[in-house]
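Visitor: Sharing a structure below in structure tokens format, with a few things to ask.
The values are calculated or read from the model by the stated rules, or taken from the named source; none is laboratory data. If you're wondering where the values come from, they're calculated on a predicted model, not measured in any experiment. Here the Cβ positions follow ideal geometry from the backbone for every residue, glycine too, while neighbour counts run over all protein chains shown.
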Amino acid sequence: MTPIKAFHHGDLKRALFDVALALLDEHGAGGVTIRAVAKATGVSHAAPVNHYKDRQALLTALAKAQFESLLIEIDAQLAKLKDDPSPGIEVFASAIMEFGFRYPHRYRLLWRADLIDHADAELLAVMDNIYDRLCAEFSKAVPGREFDKDTYAVALWSMVHGYVDMRLSGMFEPLNDSVSGAPRGEAIIDLFKKFLT
């Protein structure tokens, strides 16, 4: 990452955030420290405290922004299905997989309870919005089934997260299903949907 030589006026909070995100993408969460962000932004070590009280606050802000991006993508894809009576369950799974594979360090940060404040009200709100939309799709998909919508939602999210995590850790290769020919991620989603029919 090319350091910013000096920061002069303007939106320091945004500059700090942008530098922190670039450090996250390049080095993972371990590379995002207040000192590293301040140095790359060209400000004193004490300057970020006016905007992010500590490292956890900065990392929480990064995580919140990533969940917001996921929510925007999910809403955009669901809007395309508004005239389709079938539920958009695959929208969630696809969005999570695509995000995880495109931004592995950002994805890993989202689940780091040791680094981010999962009790942060703004972070919780955006996470709840994503989960509520997923539950709403399951309410359409499985009315009157033997399990509630939360069990289905947790099952899908857990399955998708497990697959993404195993891929990112190098335990699974990005292969295609040998029968259907579909990429493994898509095949997993199709398999899950078959259990709902």
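Visitor: Evaluate the following for Asp190: is it surrounded by 12 or more Cβ atoms within 10 Å (Cβ to Cβ) and among the charged types (D, E, K, R)?
Guide: yes
Visitor: For region 153-174, does any single residue satisfy the condition of being over 20 Å from the mean Cα position of the chain (by Cα) and of a type in the set (Gly, Ala, Ser)?
Guide: no
Visitor: Residue under question is Leu168, and the condition is that it be under 22 Å from Gly28 (Cα atoms), among the hydrophobic types (A, V, I, L, M, F, W, C) and modelled with pLDDT of 95 or more; does it hold?
Guide: Spelling it out, Leu168 is indeed under 22 Å from Gly28 (Cα atoms), among the hydrophobic types (A, V, I, L, M, F, W, C) and modelled with pLDDT of 95 or more.
Visitor: Name the pairs whose Cβ atoms lie under 6 Å apart, with the first residue in region 7-19 and over 14 Å from Ala65 (Cβ atoms), the second among the β-branched types (Val, Ile, Thr) and at pLDDT below 95, and 6 or more positions between them or separate chains?
Guide: Going by the 6 Å Cβ cut-off, the qualifying pairs are Phe7/Thr41; Phe7/Val43; Ala15/Thr41.
Visitor: Could you list, in sequence order, all residues of region 118-149 that are acidic (Asp, Glu) and surrounded by 18 or more Cβ atoms within 10 Å (Cβ to Cβ)?
Guide: Glu137
Visitor: If you don't mind, another one. Tell me, please, whether a residue that is touching a Gly at 6+ places or on another chain (Cβ under 7 Å), closer than 30 Å to Thr60 by Cα, at pLDDT below 95 and part of a helix (DSSP H, G or I) can be found in region 89-101.
Guide: No, every residue in region 89-101 fails to be touching a Gly at 6+ places or on another chain (Cβ under 7 Å), closer than 30 Å to Thr60 by Cα, at pLDDT below 95 and part of a helix (DSSP H, G or I).
Visitor: With respect to the numbered conditions (1) part of a helix (DSSP H, G or I); (2) loosely packed, with under 14 Cβ neighbours inside 10 Å, which one is the sole condition not fulfilled by His105?
Guide: Single failed check for His105: (2).
Visitor: Ala136 versus (1) modelled with pLDDT under 95; (2) among the aliphatic types (A, V, I, L, M); (3) within 13 Å of the chain's Cα centre (by Cα): which is the lone unmet condition?
Guide: (3)
Visitor: Here's another thing I want to ask about it. Please indicate, with yes or no, whether at least one residue in region 102-113 is out of contact with any Lys or Arg (no Cβ under 8 Å at 6 or more places or on another chain), of a type outside the set (D, E, K, R) and over 22 Å from Gly185 (Cα atoms).
Guide: yes
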